[in-house]
Amino acid sequence: MSSIDGMPTDGADFGRMKSCYGKVYTALRAGADDSHVADLIVCGIERDIRRDGGIPAFEPAVKLVVLISGKAAGGAQQLLRNIDQLARLHGDSSLSRHVLNAAEKVGMAALSEGTTLSQQEAAERILAHIGRSRCEGTSGYVTKHRTQSIAATDALIRSVSKEVSSSPALSDLASRLLTPTEKGLPAKAARLPHIEHSAESLNNTSLEGGIGS
């Protein structure tokens with residue numbers, strides 16, 4: 001198995017990243033538009049959730065952030081206590097840990113801003129945080145295979161992360177995760193036109209096959 005900069009190379013982690021986010025790496029290497037990469041990241045998150053069998057921590061995490069965001073005092077302590085409780089209930093899932101980490105940061109930011117969030121806003125911010133972390137995880141690969149510059153990579157990652165936050169696909173996934181199945185799977189998406197790749201190689205280049213060429 002090929003080693004890929006910026007991606008885990010051991011067992012299940014590599015398999016998860018390749019299966020769920022492989023198209024993101026290929027698109028970045030091929031120079032795809034930032035908005036297209038952002039949509040692929042969101043698709044990867046949904047694929048990750050379905051691969052894991054659901055994400056039951058998401059809905060209670062969103063409700064917690066909404067509740068906390070309206071607090072005038074004592075919100076930070078309540079947020080941390082409840083995050084710990086959710087971690088004990090759902091912490092066996094790696095995805096739950098990502099969600100709860102994102103919920104903590106989103107909740108703290110809302111308290112700092114004095115912003116009261118709706119469920120949709122909280123859900124989108126949590127997913128956007130997860131998407132940004134996935135995007136940041138590509139930085140080593142992007143530097144080696146596209147930019148050859150850490151500064152240029154940082155600028156690209158910031159741009160893609162901004163597109164993730166404003167992506168209609170992210171808003172749609174957030175909505176569907178607010179009406180999940182019992183296991184925490186998102187409701188099925190409406191049928192949409194197939195997303196066209198911006199570079200022909202995205203259809204033909206496998207994640208491993210494109211490395212080192």
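Derivation of every value follows stated rules applied to the coordinates shown; laboratory data play no part. Small disclaimer: the values here were computed from a predicted structure and weren't measured. Heads up, the Cβs are rebuilt from the backbone with ideal geometry, glycines too, and the neighbour counts pull from every protein chain shown.
A few comments on the model shown:
- Here the 3J(HN,Hα) profile of the stretch 61-75, calculated from phi with Karplus coefficients 6.51, -1.76 and 1.60 at θ = phi - 60°, is 5, 5, 4, 5, 4, 4, 4, 5, 5, x, 7, 8, 8, x, x Hz, Gly and Pro shown as x.
- What the Cβ-Cβ distance of Glu113 and Gln148 gives, at R0 = 45 Å and to the nearest 0.05, is a FRET efficiency of 0.75.
- Ordering of 88-94, 27-33, 41-47, 166-172 by burial proxy (mean other Cβ atoms within 10 Å per residue, highest first): 41-47, 27-33, 166-172, 88-94
- Over the stretch 15-95, all Cα pairs binned in 5 Å intervals from 0 give whole-percent P(r) values of 3, 14, 18, 14, 13, 13, 12, 9, 3, 0, listed from short to long.
- Between Gln77 and Ser175, the FRET efficiency estimated from the beta carbon spacing at R0 = 25 angstrom works out to 0.25.
- The stretch 26-148: Cα Rg divided by the 2.2 N^0.38 Å rule of thumb: 1.17
- Computed E for Leu67/Glu136 - FRET, C-beta separation, R0 25 angstrom, nearest 0.05: 0.30
- Each residue of the stretch 176-187 was assigned a 3J(HN,Hα) from its phi angle through the Karplus expression (A = 6.51, B = -1.76, C = 1.60, θ = phi - 60°), giving 6, 7, 7, 10, x, 6, 4, 8, x, 7, x, 4 Hz with x at Gly and Pro.
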